[in-house]
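> What follows is a single structure, and I will ask about it in a moment.
Any read-out appearing in this document is the output of simple, stated calculations on the displayed coordinates, not a laboratory observation. Since the structure is predicted, the reported quantities are computational estimates derived from the model, not experimental observations. Reconstructed Cβ throughout: ideal geometry from the backbone, glycine too, with neighbour counts over all protein chains shown.
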Amino acid sequence: MATDALEELRACLREAAADGFAGVLEDSLGPRMRAATDALLEQGAGDHEAELRHFRGGLERFEERGRQDRSRVVAHGLRLGMGLAAQRSDAQGGQAGRGRVVKADLGRRLGQAAKTREALEGGSLDDLLGTAGEGEGEGAGSEATSEAPAKKKTKTAAAKRKTKAAAGSEGSEGSDAAPSAAKKKSASKKKGAAKKKSAAKKKSAAKKKGAAERGPDPTAGLDAELLERLRASALRRLASVTTLSGVGKRTAEKLAARGIETIEDLAFLLPLGYEDRRHTVALQEIVEGESAVVDGVVRSFRSGWYGGRYSATMRIEQIQENGARIGLEARWFHPVGGLGQRVSTGDTVLLAGVVKHFRGKLSMVHPEILDPELGLGIGLRYPQVEGVGQRTLVRLCRAALERLQEAGELADPLPPALVRRHQLIGVLDALGQLHEPDEAISDEALRALQRRESPGHRRLAFDEFFFLQLALLRQRGLYRAEPCALPPLVEGSFDRERLRACLPWEPTAAQWRVIAEIEGDLGRPKPMLRLLQGDVGSGKTAVAFAAALAVIDAGAQAAIMAPTEILAEQHLRSMEPWCEAAGLRIGLLTGSTPRAQRTSLLALLAAGEIDLLVGTHALLVADVEFANLALVVVDEQHRFGVEQRGALREKGAAPHLLVMTATPIPRSLALTAFGELDVSVIDELPPGRVAPDTQVYAGARSLVRARRALVERVLAGDKAYVVCPLVEASEAVDASDVEATAAAMRKLLPKHAVGVVHGRMVSREKDEIMTRFRAGELQILVATTVIEVGVDVPDARAILIEHAERFGLAQLHQLRGRVGRSAGRSSCMLHTASEANSDAGARLSVLAESGDGFVVAERDLELRGPGELFGTRQSGVPRLRFASFSGEGMKMLVAAREAALAIVEDDPQLRRHPQLRLELELRTGDAQLWAGESG
């Protein structure tokens, strides 16, 4: 890069940062930036060419559209400055890899989008870039992110180089050059000091302006004593388990392997079970199979290794009132530390465990030997931690609880009024009830503990639901606080007749209802955040097209992102004729798009010559630039993480967001996984769509019968799918595979063509097979779940899913949706080797009994639980450990959402609720503010 142009651009970036980029158009900064960028591009920009071009384009759009496009200029400015800072650090610091460290650290900061934007608009880009003033004689990119020792080392190295360079200069030019150099250095220092002073003034003013726009820091205005107590409380909770007595390095490592590293982790490690050990039971009153505490006199004890296996046996006796003796045998099959030293013949012992009959004798296997000095009480059973015994866990959990209790009332994050309104107990009381249940507890209360329905469990579950909703609602608030990319559409501006003219059918009443809801969103100044649910074949794609048509007619662009190339190509095939009828320009971008075609497509996209872009994750690549993106549609929402959805959203200045799924989402899961979104449902199938008949084939010879039924459909002229769990045979898994099944189908139907498609094939191969199947060259397609979404072959009317018990109900419902996409009878055959009356058979019968995806999804949720919220845990959102969706859980979730919504609407940034904010940030892993870093 040309030195002068590079230094000019660095200087411009620093000045722009000091003014929060607000003055880019108001003074000479804009032209200077453009001139420097153009010069660098003409003379060769090296590694930074792509980012320079993005930044240059952002400046042009900023000039055309004004402040509404400011965030994009800022983002590119930050990335560009980041690269320049890293480059300069390498050049000045002489440290190999130093620039990479700076760049990586700034990259992490860049990933925190909301915080980055706040920092930028507050005028602190200079700090983020690490670009110190020229007069300081320091590397422009290193100090902002390095620790003090690194600073010192960099300065020393730079100083040595300067000394060496000066010595060389004196040797070659003579001493006459020294006064001139000194004058230049002095003038440079004065100029640098003046620049620094001016920049400091601008930065100070910008900070004040940014603070006014953002509102006060969440800790600002708090009583200093309260703030200090809040921070102390946070540090107390996050303290290492090694601060507890008796926890050394080895114990800490064993706990850490179970995810237990802090005092809070221990306090929230709840018992899995509770046993009533308050009374001993006479052996003649024992109920077989139930837990009991028995006492008796040790009559014999032996232990040792026999045939390579450990065994210990203790025989105890009880003497009844009538003098009769009843014995019980306790057995252990693994060593119990110090067991031989703890008991002797003639001792009285207390044993707790499950009593069974073994060879005509009462026996206990691996009973717990209770300490008589501690007395009887409620027995606790904690989760297993390898290498840490139950007694140790009991002691550590209680010690951790005592440590939290030192925080007093600050340990409870919920406002007292909220606790009273929902009839909750305090969080410390809840933990105390769960770790140290009262010995005088009633039998009913003990049963509630055992069922995890106690007031303590209820409080912790409410907290999880509440903070989950708080996080989701704050995310929605932050996004909707940004100015929308598209001015609100005027009421009635949506042309329904134009939509009708594009579609080959009349939309259903349910589709029109959802289109009206989207139209209402587009008429508001805030970005749309909407989840569109619709069963397979309900017409979600047409609704997405209607939304795209509305924003494109308003002069903007739209993008549709699908999780697979097959689904993206299906969207293109569906929408191409609609776009042609509407006069819209549509493009497809996937990982398989040829390089030359991709380059041309991106140029058209950046120039605004493409109205609607359909693609996969390839849309997220940095060089994919839209001229004016105003609508983002994400299909099969649950297959994307929050970061991926957010990355596409960042390509437009707060575009409208419509997310779609054909996987029906129960309301409870919708509120948890997508609580920041409004929900629309298409609950009606288009005319001519008939739900397939579903039959379960269970038992030993069921596969033969199921394949015979499929053959009958193919011989009748229907195309058919066969879905297998595996691509190839596996010794570890007893299930059918694609290759063997395809061979079997060729034997059964020698006159019909059989194709194979699975995830290991390259896109070109999959496309070729799907094209042949669609065209009728293949009559049977043997596949894995790669066909779950995005495959639309109307004359395929039969599907056989082998070993269906290996799939979830919601996934099976999706696969079933590959048929029944046209008029005429269609069939879905579910095979399982299990018997019909088995758990697997009963689960599959849900699909046979109902074709309603929402009924299936609710049942799937009950049977399998929510998992990781569709397998994609959301970052910045607390996870659920204690809450459940069954029974009262749903009512609690709704109540928690209403409570969170009331608080967020009244106090969006939680500035008046510092304890709530602290708790939320602790739960989401973002509590740096409270560790004293806020200043």
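> I'd like the FRET efficiency for LYS891 and GLU439, computed as 1/(1 + (r/R0)^6) with the beta carbon distance as r and R0 of 30 Å, rounded to 0.05.
0.40
> Report the Cα centroid-to-centroid distance between the stretch 798-839 and the stretch 230-267 in angstrom, as an integer.
So the separation of the two Cα centres works out to 48 Å.
> Give a residue-ordered list of calculated ³J(HN,Hα) values for the stretch 822-827 (Karplus: 6.51 cos²θ - 1.76 cosθ + 1.60, θ = phi - 60°; whole Hz; x for Gly, Pro).
7, 5, x, 6, 10, 9
> A follow-up question, please. With a cap of 15 neighbouring Cβ atoms within 10 Å, and only residues DSSP puts in a loop, list the trypsin sites (Lys or Arg not before Pro) found in the stretch 659-768.
Counting only loop positions with at most 15 other Cβ atoms within 10 Å, the trypsin sites (Lys or Arg not before Pro) in the stretch 659-768 are ARG701, LYS751, ARG760.
> Pick out, in residue order, every one of the GluC sites (Glu not before Pro) in the stretch 363-454 that is DSSP loop and has at most 12 other C-beta atoms within 10 Å; say none if there are none.
Within the stretch 363-454, the qualifying GluC sites (Glu not before Pro) (loop, at most 12 other Cβ atoms within 10 Å) are GLU386, GLU406, GLU439.
> Order these by the 10 Å Cβ neighbour count, fewest first: ILE316, ILE425.
ILE425, ILE316
> More than 22 Å apart: what percent of Cα pairs in the stretch 279-375 qualify?
The proportion of pairs with Cα distances above 22 Å equals 25 percent.
> Test of understanding: what is the full-extension gain from LEU715 to SER600, defined as 0.36 nm times their sequence separation minus their Cα-Cα distance?
36.7 nm
> For the stretch 315-420, just list the percent of Cα-Cα distances falling in each 10 Å bin from zero outward, please.
Pairs per bin, as whole percents: 10, 31, 28, 15, 10, 7, 0.
> Taking the stretch 697-778 as the region of interest, what is the percent of Cα-Cα pairs per 10 angstrom bin, listed from the shortest bin to the one with the maximum distance?
15, 46, 32, 6
> Exceeding 29 Å between C-alpha atoms, which entries from my cross-link table qualify? They are LYS249/LYS356; LYS540/LYS719; LYS719/LYS766.
Flagged as over cut-off: LYS249/LYS356.
> For the stretch 730-812, state which GluC sites (Glu not before Pro) are in a DSSP loop and have at most 15 other beta carbons lying within 10 Å of their beta carbon.
Here the sparse-neighbourhood loop sites are GLU731, GLU777.
> Between beta-carbons, use under 12 Å as the cut-off and find the net charge around ALA252, counting Lys and Arg +1, Asp and Glu -1. Spell out each step's value before the answer.
Details: positive: LYS249, ARG250, LYS254, ARG258; negative: GLU253, GLU261, ASP265.
For residues surrounding ALA252, the net value is +1.
> On to the next question. Neighbour counts of other C-beta atoms within 10 Å: give me ASP223, ASP463 arranged from fewest to most.
Taking fewest neighbouring Cβ atoms as first place, the list is ASP223, ASP463.
> If each residue's Cβ is checked for other Cβ atoms within 10 Å, how do TYR697, TYR382, TYR306 rank with the fewest at the top?
TYR306, TYR382, TYR697
> Given a Förster radius of 41 Å and the C-beta distance between LEU235 and LEU901 as r, what FRET efficiency does 1/(1 + (r/R0)^6) yield to the nearest 0.05?
So, using R0 = 41 Å, E works out to roughly 0.85.
> Something else now. Please report the Cα spread of the stretch 221-296 along all three principal axes, rounded to whole Å, starting with the longest.
The Cα atoms of the stretch 221-296 stretch 68, 33, 19 Å along their principal axes.
> For ALA35 and LEU478 in the same chain, what is the full-extension length gain: residue separation times 0.36 nm, less their Cα-Cα distance, in nm? Please report the intermediate quantities before stating the final value.
Values: separation 443, 0.36 × 443 = 159.48 nm, distance 3.52 nm.
Extending this stretch completely gives an extra 156.0 nm.
> Same structure, new question: Search the structure for amide H atoms under 5 Å from the amide H of ARG277, placed 1.01 Å from N in the peptide plane, and list their residues when 5 or more places away or on another chain.
GLY377, ILE378, GLY379
> Counting every Cα pair in the stretch 267-327, what percent are over 16 Å apart?
Summing the P(r) of the stretch 267-327 above 16 Å gives 64 percent of all pairs.
> Quick check: Cα centre of the stretch 303-348 to Cα centre of the stretch 586-612, how many Å?
One Cα centre to the other: 78 Å.
> Using the beta-carbon distance between LEU748 and GLU849 and R0 = 41 Å, what value does 1/(1 + (r/R0)^6) give for FRET efficiency, to the nearest 0.05?
0.90
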